[in-house]
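Okay, structure first, notes after.
Taken together, the values in this text are just the output of simple stated rules run on the coordinates, not laboratory data. What you see is a predicted model; the values in this text were computed from it and never measured. Note that we place each Cβ from the backbone using ideal geometry, even for glycine, and neighbour counts take in every protein chain shown.
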2 protein chains.
Amino acid sequence: MTVRAAAKSASTPREEEILAAAARIFREKGYHGTSVRDIAESVGLLKGSLYHYIRSKEELLARLFEGALEDTIRELETISSRDARPSDRLRDMVSAYVRAVTDNIDAVSLYLREWRALPAPQLTRVRARRRAMRALFEDVIADGVRAHEFAAADAKIAALAILGMCNWLYEWYRPRGRLDAEALATTIADQALRSVKR
Amino acid sequence: MTVRAAAKSASTPREEEILAAAARIFREKGYHGTSVRDIAESVGLLKGSLYHYIRSKEELLARLFEGALEDTIRELETISSRDARPSDRLRDMVSAYVRAVTDNIDAVSLYLREWRALPAPQLTRVRARRRAMRALFEDVIADGVRAHEFAAADAKIAALAILGMCNWLYEWYRPRGRLDAEALATTIADQALRSVKR
């Protein structure tokens, strides 16, 4: 989770500081190993005072995840609206998405494991945004079919299959693994593009 | 979960009967909605007597999942050892795997969500078997590269990406959705094959 991503979901400088601290400590100690007290202390607050800004550790997770998700959606929207061939747009979108997953692997893994436990309003919001993100992939695939670049019979299934390729990283990606994140993004983007090419 | 799959992990007729009953009731009432008492009653035992055969609901889940996994591995091994081109073997393996996931969607979803909670010996065993299954995909992809049918630069990453396409079904597949399971298997197998083709 980047500080930039953390800042996106904050509405005041103090909240921004708390989210950035939480992102850093979750990364260092792991989510389950981090207490609300750890976060409070790192920003010079008592635990009780921190609750003035946030309701729970789960809420912090949800807001960090939403911050990263909004960053990712913004980046995907920029790529998908470029004046480029669907093949080039899809390749760059998958590559950006893989990098978003690997850059935020702790928050993404935790979210994909634990989203059922999120408070309902946040869950509803996050799911709607994830659907919007999926639609960006669906649209570029449908564009590619119309342009006779892609052969996908069903753009929705094709998009879900490609997102599956990427999301499944949360079960196997290790930050200090054999391939660096950049090479992995290129490899998966290449495979995803071939998967729909005519 | 099929009764056939359930029976695979049983060692006595009585255990076989209990596993088959558990599979049926999990499917009907959902895992979390099923009590050990429900299962005991369906085979004419008191709850206390059932504990003579099984230790917990988690153990039943693990054994059912292992049964389905062993069935799937056996089927994949049969396909992968056929005297056929790597393209044909990979297509049929993905199709069989998608059908295994969709046929056992309740057990697969639950397992992929809850495996971290399984008792250590079962978890170790299941993870080893999942690695063995992944190796079957890796091997057929490597065969295809050697035969100049496939272009995958890294057979392991390619196998993980394809398994991701399939496993991700647990997050979006609905048994009574728009596409039936057979059409879905064909669509995903086709996309997976294209993803590695030269």
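Tabulated results
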quantity	calculated
Contour minus Cα-Cα distance for B:Glu77 and B:Asp139 (0.36 nm per residue)	21.2 nm
Label point 7 Å beyond Cα along the C-beta direction, distances from B:Ser109 to other copies (nm, shortest first)	2.5
Whole-Å distance, taken between Cα centres, linking the stretch A:72-133 and the stretch B:167-198	21 Å
Shielding by partners - mean other protein chain Cβ count within 10 Å, residues of B:36-46	0
Label 7 Å beyond Cα on the Cβ vector: B:Lys29 copy-to-copy distances, nm	4.2
Mean ellipticity per residue at 222 nm, deg cm²/dmol - from DSSP H runs of n ≥ 4 across chain B, formula -39500 (n - 2.57)	-23500 deg cm²/dmol
Global geometry of the protein assembly as shown, whether rounded, prolate or oblate, following the gyration tensor of its Cα atoms and the 1.5 cut on a/c	oblate
Residues A:Tyr97, B:Tyr31, sorted so that the one with the fewest Cβ neighbours within 10 Å comes first	B:Tyr31, A:Tyr97
Volume in Å³ per residue [convex hull over Cα atoms, computed for the stretch A:24-96]	103 Å³
Total lysine pairs under 25 Å (Cα atoms) in the protein assembly as shown, excluding pairs fewer than 8 apart on one chain	17
Average other protein chain Cβ within 10 Å of Cβ, residues A:154-162	5
Simple spin-label estimate for B:Arg125 and A:His52 in nanometres, 7 Å along Cα-Cβ	5.6 nm
Rotational relation A to B, axis-closest Cβ in chain A, residue and distance rounded to whole Å	A:Ser195, 2
Net lengthening on full extension, A:Arg24/A:Ala132 (0.36 nm per residue, minus Cα-Cα)	36.1 nm
Cα-derived Rg to Rh of the stretch B:57-196, Kirkwood definition	0.97
Residue-wise HN-Hα coupling along the stretch B:176-190, computed from phi with Karplus coefficients 6.51, -1.76, 1.60 (Hz; x: Gly, Pro)	10, x, 5, 9, 6, 4, 5, 5, 4, 4, 5, 4, 6, 4, 5
Average other protein chain Cβ within 10 Å of Cβ, residues A:164-174	6
